[in-house]
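The values are calculated or read from the model by the stated rules, or taken from the named source; none is laboratory data. None of the values given here were measured: they were computed from a predicted structure. Quick reminder, even Gly has a Cβ in these numbers, built from the backbone with ideal geometry, and neighbours come from all protein chains shown. Each accessible area value is taken on the protein alone, full model and side chains, heavy atoms only, with ligands, DNA and RNA left out. Shrake-Rupley method; radii C 1.70, N 1.55, O 1.52, S 1.80 Å.
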Amino acid sequence: MSEMTTTPKWPQRLAIVGTGLLGSSVGLAAREAGVPEVVGVDTDRQELRDAERLEAITLRARSVEEAADGADLVVAATPVRALAEVLARAHAANPGAILSDVGSTKSHLLAQLTKLSTNLGRVIPGHPMAGSEERGAQAARADLFHGAAWVLTPSAQVDHTALRRMTRFVRGLGGRPLILDPDLHDQVVAYASHLPQLAATALMGAVAQVQAPAALRSVVASGFKDTTRVAASDPDLWVDICATNGPSIVAALDALGERLSDLRALVASGDRDGLRAVLGEARDARLHIPTKPGTSPRGLRELVVHVADRPGSLAAVFRILGASGVNVEDLSIDHELQGGSGNLHIWVTGRETLAGAVSALADAGWIAHEADGTP
């Protein structure tokens, strides 16, 4: 009888640079998922000690290079302004490692890494859509990413094996991988994440104009607290984000400013019908946001896409799927023996998602169909 073999857990060694809230949460989730060795490094020695005490890491390193040495995967969880330098140093120390991050802006990161001559084939930028206004390893949780979208924004030069491993890692931590074009990611999060932060900041600034703050505190209800919760976030974090995603954020602020101007005009003129229509549209849009983002139809469906073997093909497919809101659960590539092209196999959840993916790809001129079916 032949011996049964098992696939080794990947990664065997995970390096985390920055052991604050997100970095330590990645470590806790990875340890819970069975990753045997997690090494951490942080310029804040107290954060590093806290991460080790909480068992988010198994080893402490003294430098990025020491942490990256021998690692299969390096995840940078530093302030946005430091990400490119950290990943470039990790790549120089260990060219074979896959590199990722948990930052909120992506195009700027890839541009900086290109300037630093980093091999983008091994870089899978990431952005888990989870977090807290709290800071530090003390606030870390192993379940922070459960059910949350985890955006991956590979470049056109991405190594598909590296991408596949990263998507599996994300799922192992409880996240839902969503592959997006870097520019599209930055535009979307400008509205979904960065604009709400700045809107909450502006709202808190506006209520500071109230002449009776004691009375204001007496009447503040849960709606106001929910709306302004993120205003308590770290200012330095948001200065970095605004500096690295300025154009997209300005466009979002302009759109919000126009909406507020329209509302002001409706209120000032006493236009009840117009105001009711705008409020109704907003209500309908809000009701269409899923209350449980982690839920999905049962069963994985396999999508097959015929792709040319040239730079940018994978990125183009993922750009279309991302824009259509399709989560990629797994993927693989079969290269044709004669070269020049191959089949990209993508697993998605549910028939409706599969049909939407096929339709979106067909509209863009791609040949796609369900596995074992016909185009």
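3J(HN,Hα) couplings calculated from phi for the range 64-72 with the Karplus curve 6.51 cos²θ - 1.76 cosθ + 1.60 (θ = phi - 60°) are, in sequence order, 4, 4, 5, 5, 6, 4, x, 7, 7 Hz; Gly and Pro show x. Looking at the chain alone, DSSP beta bridges between its own residues are antiparallel in about 50 percent of cases.
Local charge for Leu144 was computed over the other residues whose Cβ lies under 14 Å away, with Lys and Arg +1 and Asp and Glu -1, and equals 0. Grouping the Cα pair distances of the range 144-268 into 5 Å bins from zero gives a pair-distance distribution of 2, 9, 13, 15, 17, 15, 11, 7, 5, 3, 2, 1, 0 percent in increasing distance order. Within the range 218-268, all pairs of alpha-carbon atoms sorted by distance into 10 Å bins from zero give the percentages 20, 30, 39, 11.
Put a plus charge on the Cβ of each Lys and Arg, a minus charge on the Cβ of each Asp and Glu, and nothing anywhere else: the dipole of the chain about its Cα centre is then about 680 debye. Using a Gaussian network model of the chain in which every pair of alpha carbons under 10 angstrom is joined by a spring, one finds that among His108, His288, His91 the greatest mean-square fluctuation is at His288. A Förster radius of 41 Å combined with the Cβ-Cβ distance from Glu66 to Arg135 puts the calculated FRET efficiency at roughly 0.95.
Residues of the range 240-276 with an amide N closer than 11 Å to a point placed 7 Å from the Cα of Arg283 along the Cα-to-Cβ direction: 276.
Can you compute the FRET efficiency between Ala208 and Asp234 using 1/(1 + (r/R0)^6), with r the Cβ-Cβ distance and R0 = 22 Å? Round to the nearest 0.05. According to the calculation, E is roughly 0.65.
In the chain, inverting the average of 1/r over every pair of distinct C-alpha atoms gives 22.6 Å as the Kirkwood radius. The loop-placed trypsin sites (Lys or Arg not before Pro) in the range 1-87, going by DSSP, that have at most 15 neighbouring Cβ atoms within 10 Å of their Cβ come out as Lys9, Arg62. Run through every distinct alpha carbon pair of the range 1-159 and return the Kirkwood hydrodynamic radius in angstroms, one decimal place. Every distinct Cα pair counted, the radius reaches 15.6 Å.
Taking the inverse of the mean 1/r over every pair of distinct Cα atoms in the range 88-225 gives a Kirkwood hydrodynamic radius of 17.4 Å. With a cut-off of 12 Å between beta carbons, the residues surrounding Ile124 carry a summed charge of +3, where Lys and Arg count +1 and Asp and Glu -1.
Surface calculation, 1.4 Å probe, protein heavy atoms: Glu281 sits at approximately 110 Å² accessible.
In this simple spin-label approximation, Arg217 and Ala33 carry label points 7 Å from Cα along the Cα→Cβ vector, and these lie 4.4 nm apart. Two tests apply to each whole DSSP H helix in the chain, Cα reach of 30 Å or more along its axis and mean Kyte-Doolittle hydropathy of at least 0.5, and the ones passing both are 246-269.
Helices in the chain, meaning DSSP H runs of at least 4 residues, each add -39500 (n - 2.57). Divided by all residues, the mean residue ellipticity at 222 nm is -13500 deg cm²/dmol. Once the 1.4 Å probe is applied to the protein heavy atoms, the chain comes out at 52 Å² accessible per residue.
If you run the Gaussian network model on the chain, springs between alpha carbon atoms under 10 Å, then out of Arg229, Arg165, Arg272 the most flexible one is Arg272.
Taking only Cα atoms and a 10 Å spring cutoff, compute GNM fluctuations for the chain and point out the largest among Ser24, Ser104, Ser63. Among Ser24, Ser104, Ser63, the largest GNM mean-square fluctuation belongs to Ser63. Orientation-averaged projection of the range 146-208 equals 5.4 nm² [convex hull of Cα atoms, one quarter of hull surface area]. Of the solvent-accessible surface of the chain, computed with a 1.4 Å probe and all protein chains present, 53% belongs to carbon and sulfur.
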